[in-house]
Amino acid sequence: MITTIITDASWCPNTLLGGWAAWITMECKETNTIKRHKYYGKFKSQPITPTIAEMWAIKNGIHLAKKKGAEKMLVQSDCMGAIKKLQDGANPSIEYRHVKGHSNRPESRFFVNRWCDMNARK
């Protein structure tokens, strides 16, 4: 089964401080249910660009999903720069897709992106 990971980062150019959020949706084979895991926090180090902050958010989401047992993943981010950089060292078990940020569209991936955006800023 495919695990979907949607991530976002928030970054301040003055302080270089940033935060991240990840929403992970996994299918549980044993119970045939969907599990949702939501994470957010501040970066331990200071990312020097917003693209690096977005890349770190994606890497945090992938790491947490792998800890939960994910093997095949669909990662969605609103940062094309981060997606392009991470696709260069492409892992065949990870697919990347862009999700338009700051959208009021009602589809679930846009709702989750807004949740990630709000919580990354905390």
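The values are calculated or read from the model by the stated rules, or taken from the named source; none is laboratory data. What you see is a predicted model, and the numbers here were worked out from it, not measured in a lab. Please note: Cβ atoms are built from the backbone with ideal geometry, for glycine as well, and neighbour counts cover all protein chains shown. Quick note on the areas: whole protein, heavy atoms, side chains included, nothing else; ligands and nucleic acids left out. Shrake-Rupley method; radii C 1.70, N 1.55, O 1.52, S 1.80 Å.
FRET efficiency for the LYS122 to ILE2 pair, using the beta carbon distance and R₀ = 25 Å, is estimated at 0.30.
Backbone amide hydrogens, once placed in the peptide plane, bring ASP8 within less than 5 Å of ALA21, excluding anything fewer than 5 places away on its chain. For segment 27-97, the Kirkwood estimate of the hydrodynamic radius, built from every pair of different alpha carbons, is 13.4 Å. Label sites at SER108 and HIS63, each approximated as a point 7 angstrom past Cα along Cα to Cβ, lie 2.7 nm apart. In terms of packing, defined here as the mean over residues of other Cβ atoms within 10 angstrom, the peptides 20-29, 91-100 line up highest first as 20-29, 91-100. Using θ = phi - 60° in the Karplus curve 6.51 cos²θ - 1.76 cosθ + 1.60, the 3J(HN,Hα) couplings for segment 68-84 round to 8, x, 5, 10, 9, 10, 10, 9, 10, 9, 8, 10, 4, x, 5, 4, 4 Hz; x is entered for Gly and Pro. Taking only the C-alpha atoms of the chain, Rg followed by Dmax gives 13.8, 48 Å. Apolar share of the accessible surface for the chain: 52 percent from carbon plus sulfur atoms, 1.4 Å probe.
Relative to the longest principal axis of the Cα atoms of the chain, the long axis of helix 108-120 lies at roughly 40 degrees. For segment 23-122, the antiparallel share of DSSP beta bridges with both residues in that region comes to about 55%.
Take the Cβ atoms of CYS28 and HIS98, set R0 to 30 Å, and the FRET efficiency comes out at 0.60.
Give LYS35/LYS122; LYS38/LYS100; LYS59/LYS100; LYS44/LYS66 a once-over and call out the pairs whose C-alpha atoms are over 27 Å from each other. With Cα atoms farther than 27 Å apart: none of LYS35/LYS122; LYS38/LYS100; LYS59/LYS100; LYS44/LYS66. Per residue, the chain exposes an accessible area of 60 Å² to a 1.4 Å probe, with every protein chain left in place.
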